[in-house]
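Let me begin by presenting the structure, written as structure tokens, before commenting on it.
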Amino acid sequence: MKLADLADDDSSSADAENFEAKMQVKTWPALRMLVVDFPKPFVDELNTFIDDVVIPDDKDFGHSLIGQIRQDEKSKQLAFPLEGHEFAVEFKKVLNNCATVYIQKAFNRKSIAEAFEAWTVHSYAGDYNPRHSHGCNTPAGLSSLMWLKVPDSIKNLKLDSDSSLHHASGLVDGWTHFSWGLHSTRDLFRLKEQAQESMQPVEGKFLIWPNWLDHEVFPFFTEGERRTFVANFNIFDTMQEKQKYSNVLKEHNKQRQELSS
């Protein structure tokens, strides 16, 4: 086949069997996120545990966080136990299973993910969370969130082709925004790939992502609680590595208790 044959506008002139130029489109993904939709009974059970245990315990976790959760007397960031309660122990197994499946399937790593800290965020009108990422204790780690309560003003927002931020619409009030690059929406027209996404909170939706991912929560200005569960995960490549870490952590905690006594 000659160059003139390939340049011919008449596609019938090109015999597919004799077309020797090989083409392919390569894609290098920048982000993989796990999305799980938990059923309402599961969400109700988790909210009940938070109402009956987490809120009464009132263990402030704000000292470790940058969330500006302070506009209401009920605005709080509270430590969520991952042990010491039957429900917490079982729930941690669910978290670990989801995170381990994610790391193994999305990244083809035969690794183990384990939640090592968790908390709940109880936001009200005016509360917000600045752009940030999370830390962990291993070279690679995961972060997650689950929306548990969403105010009606956010929940009932219906998006369509005319939805826009113009005219101070408040379209993304209370949404969570993820950023994994410096591209803007205008750059899509310049053939640059998407590098940010705003997500509308949906009760029961659980997200897991690499802990380096920047994210923020926009404020909202209507009645109701915006409740979120958050957890961070360490990643271990072997069970031996996980056990070694557990032993070191136990010894560290033991020394801290001895020093404080």
_Compute the helix-to-body angle for 40-49: its Cα long axis versus the longest principal axis of the chain, expressed 0 to 90° and rounded to tens._
30
*Could you give the nm distance between label points at GLN240 and ASP44, where each point is 7 Å from its Cα heading toward the beta carbon?*
4.8
*Gyration tensor verdict on the range 101-219 (Cα atoms; rounded if a/c is under 1.5, prolate if a/b is larger than b/c, oblate otherwise)*: oblate
_Probe 1.4 Å, protein heavy atoms only - accessible area per residue of the range 166-212 in square angstrom_ = 61
*Before anything else, pin down the relative contact order of the chain: Cα pairs under 8 Å, at least 6 apart, normalised by residue count, whole percent.*
26
*Over the range 36-137, with every protein chain in place, what whole percent of the accessible area is carbon and sulfur at 1.4 Å, could you tell me?*
48
*Would you calculate the separation in nanometres between label points at ASP72 and LYS59, each defined as 7 Å from the Cα along the Cα-to-beta-carbon direction?*
2.4
*In whole Å, what are the Cα extents of the range 34-166 along the three principal axes, biggest one first?*
46, 42, 31
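Is the range 162-218 rounded, prolate or oblate when judged by the Cα gyration tensor, a ≥ b ≥ c being the square roots of its eigenvalues, rounded requiring a/c under 1.5 and prolate requiring a/b larger than b/c?
oblate
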*Give, in nm to one decimal, the length gained when the segment between LYS105 and ARG131 is fully stretched (0.36 nm per residue of separation minus the Cα-Cα distance).*
6.6 nm
_Members of LYS40/LYS93; LYS149/LYS244; LYS26/LYS105; LYS110/LYS244; LYS76/LYS205 lying beyond 28 Å, as alpha-carbon distances in this model show_ = LYS149/LYS244
*Going by the alpha-carbon gyration tensor, a ≥ b ≥ c the square roots of its eigenvalues, is the range 69-113 rounded (a/c under 1.5) or, if a/c is not under 1.5, prolate (a/b greater than b/c) versus oblate?*
oblate
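Give, in whole angstrom and from largest to smallest, the semi-axes √(5λ) of the equivalent ellipsoid of the chain, with λ running over the eigenvalues of the Cα gyration tensor.
42, 28, 16
The values are calculated or read from the model by the stated rules, or taken from the named source; none is laboratory data. This structure is a prediction, so every number in the text was calculated from the model and none was measured. Please note: Cβ atoms are built from the backbone with ideal geometry, for glycine as well, and neighbour counts cover all protein chains shown. For the accessible areas, the whole protein counts, side chains as well, though only heavy atoms, and no ligand, DNA or RNA atoms are used. Shrake-Rupley method; radii C 1.70, N 1.55, O 1.52, S 1.80 Å.
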